[in-house]
Amino acid sequence: ALPDTPTLEVVPPLPTETPSATPVPAPTRPQYTLDVQFNYSRKSALVDETIVYTNNSTDALTSLVLAVEPTCTQSFVLNAVTVNGQPVTDYIFDLENVQAYIRHRLEIPLGQALAPNAQVTIQINFGLILPVVGNFSDQASLCSQIYGYTTQQVNLVDWYPFIVPYMTGRGWVLHNPWYYGEHLTFEAADFDVSVTFTDGSTPVIASSGAEVDSGSADIHRFKIEEGRTFALSFALEYRVITTTVGDVTIKSYYFPPYEVAANAVLRATAQSFEIYSQRFGPYPHKTLSVVQGDFNDGMEYSALYYHSKGIYNNYDGTLTNHLTAVSVHETAHQWWFEQVANDQGFEPWLDESLATYSEIVYYETVQPEALTDWWWTYRFDPYVPLNMVDSRIYEGEGQRPYWNKVYLNGAHFLQDLRGLIGDEAFFGFLQDYLAQMRGKIATTDDFFRILRAHTSADLSDLITQYFQNPH
């Protein structure tokens, strides 16, 4: 372990009772219905999208702001927009601007201001002509390295226009993309997505939602409630292995000949899933899919995460391996991102620090010696103590310094916090934080407000050590 690594103790046995869920009222969530006509051979789609949106703020809204991420790769075609059945042509959407961070903002004016608690229906018809994954021009590092297609798979991530969160007193939350980190913030929403392959292709589909009866053999329909974002992945060669934890089905999608590594991913995902359910609180969905990416990147989405192909290549058959560490990290995002969201551009530590620390919670439960013998050194070898846990993605000064500030210093903070207040208060706090903020967008102020209800310890020195702003 590193010289400054805190002493770790094996946690006591997991509690026998799983914390109870606090449901979010369904009628107030945005409702997304998407009908996707997909031509697999041409890697293109025509989509009809309907959004039923309720104004949950205390302000009257004169327009709606949507994020349209495919514009970064110039793969998006907007065909028509209607508001409550009336065509709209005076929307603001600067597709000609060469700056991707301007082009991803679509503002739709409302003929009549949307009062608090009032509802509006937006219909959008759009087309997608998918790019090759990672095959972009000068703005390559600003665009998603997952969205698009490869010779083996199609990945639809952040592929549809969605209404960004509106914060009373702050306005619409939509940040510029950046060279690393995530810039989007998502409201919890309900999704009903139908996919039809118009060229007769029959790929295997990995999805954020559970498949439900569509009434037609040609239409694949998926639904998820209280999700942050809806991802789809198609491939003709996918193999799938499955396990269950309680009433949740976990699937590992992989390419031959990666069956051994894919089974390891499935085991680690299922193990960490069970641990997090008991340590933090229940998982709200009925499925969780892990998708091997035909690229060297990984990312979390609602009830689905991608795993880098390169990590499968390096699997050595042990738990002290990058494949396992990343599997349990990405699984943790189903709690810290999916259930409790945050402003990923301005407060990325709220999900990334907790997901990184969740790796400790996993290893100390299944193989405690791995923490001192491997994990701290492996994960924290580049660690540099900095009081910048609460950095924005734009303050990272590069990928590695950003990881150090937000992921690693964040995990160190949580470890020191746990040592200061004790296991009972620490895990009681995390369960309460999840219960209070489930389905919401948490802030750093929320984190410390809930924390202080669980401890009377003086946190000032700890905050000064790790944070650049007072909390």
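If only one of Y180, Y149, Y166 is closer than 16 Å to L64 by Cα and among the hydroxyl-bearing types (S, T, Y), which one is it?
It is Y166.
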So G410, is it open to solvent by less than 70 Å² (accessible area, probe 1.4 Å), closer than 30 Å to V173 by Cβ and not in a helix (DSSP H, G or I): no
Residue match in the range 394-407 (condition: open to solvent by less than 10 Å² (accessible area, probe 1.4 Å) and at pLDDT 95 or above): no
For the range 370-393, how many residues meet the condition of being open to solvent by less than 60 Å² (accessible area, probe 1.4 Å) and assigned to a helix (DSSP H, G or I)? 9
Would you pick out the residues in the range 422-458 that are buried (at least 16 other Cβ atoms within 10 Å of the Cβ), more than 18 Å from R279 (Cβ to Cβ) and of a type in the set (D, E)? D446
Might you check whether a residue that is at pLDDT 95 or above and open to solvent by 60 Å² or more (accessible area, probe 1.4 Å) occurs anywhere in the range 130-148? no
Number of the exception - Y180 against (1) touching a strand residue (DSSP E or B) at 6+ places or on another chain (Cβ under 9 Å); (2) within 22 Å of V291 (Cα to Cα); (3) assigned to a loop (DSSP other than H, G, I, E, B): (1)
The range 72-94: number of residues that are open to solvent by 50 Å² or more (accessible area, probe 1.4 Å) and of a type in the set (A, V, I, L, M, F, W, C): 2
Any residue that is at pLDDT 95 or above, under 30 Å from Y283 (Cα atoms) and surrounded by 19 or more Cβ atoms within 10 Å (Cβ to Cβ) - is there at least one of those in the range 20-29? yes
Can you confirm whether G419 is open to solvent by 10 Å² or more (accessible area, probe 1.4 Å) and more than 22 Å from F186 (Cβ to Cβ)? yes
Kindly provide the set of residues from the range 237-278 that are open to solvent by 20 Å² or more (accessible area, probe 1.4 Å) and closer than 30 Å to A425 by Cβ, ordered by number. V245, G246, Q271, E274, Q278
Picking from A100, A188, which residue would you name as being at pLDDT 90 or above and either out of contact with any Phe, Trp or Tyr (no Cβ under 9 Å at 6 or more places or on another chain) or open to solvent by less than 10 Å² (accessible area, probe 1.4 Å) (or both)? A188
Restricting the search to the range 298-307, which residues are open to solvent by 10 Å² or more (accessible area, probe 1.4 Å) and in contact with a Ser or Thr (Cβ under 6 Å, 6 or more places away or on another chain)? G298, Y301
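The values are calculated or read from the model by the stated rules, or taken from the named source; none is laboratory data. Note that the structure is predicted; figures quoted are calculated from it, not measured. Cβ atoms come from the backbone with ideal geometry, glycine included; neighbour counts cover every protein chain shown. Side chains are part of the model used for accessible areas, which takes the heavy atoms of the whole protein and leaves out ligands, DNA and RNA. Shrake-Rupley method; radii C 1.70, N 1.55, O 1.52, S 1.80 Å.
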